[in-house]
Amino acid sequence: MSATYEFNADLWRWDVQQGVWLFVTLPNEITDEIDEEYSGLRAGFGSVKVRVSIGKTTWETSVFPSKDQGGFILPIKKSVRKSEGLDEGSTASVRLTPIA
């Protein structure tokens with residue numbers, strides 16, 4: 001079950017009342033595989049827990065389905081962005097493993 005995916009994606013901004021969040025959107029083929037493999041293991045809001053590495057930074061979080069983006073989206077924490085020199089519009093090299 002625990003496949004590891006690697007992809008590049010641009011960070012995009014989502015403004016909400018509580019502040020600004022930056023995300024990357026998972027490629028469609030990865031979204032489809034996770035959707036199929038983990039459909040019965042989803043948590044709140046349809047999320048799937050994942051372990052993520054960008055550069056030298058690794059952390060655990062969740063990916064969330066987004067109708068607007070047409071796939072799963074991954075929030076990129078401020079501490080990760082800072083340590084890896086990323087900002088809105090930057091391209092991140094992501095290594096992602098779903099964890100059950």
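Read the figures in this text as sums done on the coordinates, not as results from a lab. On a predicted model such as this, the values are computed, not experimentally measured, just so you know. Quick reminder, even Gly has a Cβ in these numbers, built from the backbone with ideal geometry, and neighbours come from all protein chains shown.
How much FRET efficiency would the formula 1/(1 + (r/R0)^6) give for T57 and S2, where r is the Cβ-Cβ distance and R0 is 22 Å, rounded to 0.05? Using R0 = 22 Å, I get an efficiency of 0.65. Exposure proxy ranking for T97, T31, based on other Cβ atoms within 10 angstrom of each Cβ and starting from the fewest, stands as T97, T31.
Normalised by the number of residues in the chain, the mean separation of alpha-carbon contacts (under 8 Å, six or more apart) gives a relative contact order of 41 percent. Counting charges near L11 (Lys, Arg +1; Asp, Glu -1) among other residues having Cβ under 13 Å from its Cβ returns a value of +1.
Within the shell defined by Cβ-Cβ distances under 12 Å, the residues around T91 carry a net charge of -4, with Lys and Arg each +1 and Asp and Glu each -1. Residues F64, F72 in ascending order of nearby Cβ atoms (within 10 Å, fewest first): F64, F72. What angle, in degrees between 0 and 90 and rounded to the nearest 10, separates the Cα long axis of helix 28-37 from the longest principal axis of the Cα atoms of the chain? Between helix and principal axis, roughly 40 degrees. Pick out which of S79, S47, S62 has the largest mean-square fluctuation in a Gaussian network model of the chain, springs linking Cα atoms closer than 10 Å. Checking each option, the largest mean-square fluctuation is seen for S79.
Normalised Debye scattering of the range 5-98 at q = 0.14, 0.18, 0.24 Å⁻¹ gives log10 I(q)/I(0) of -0.47, -0.79, -1.39, counting only Cα atoms as equal scatterers and leaving out solvent.
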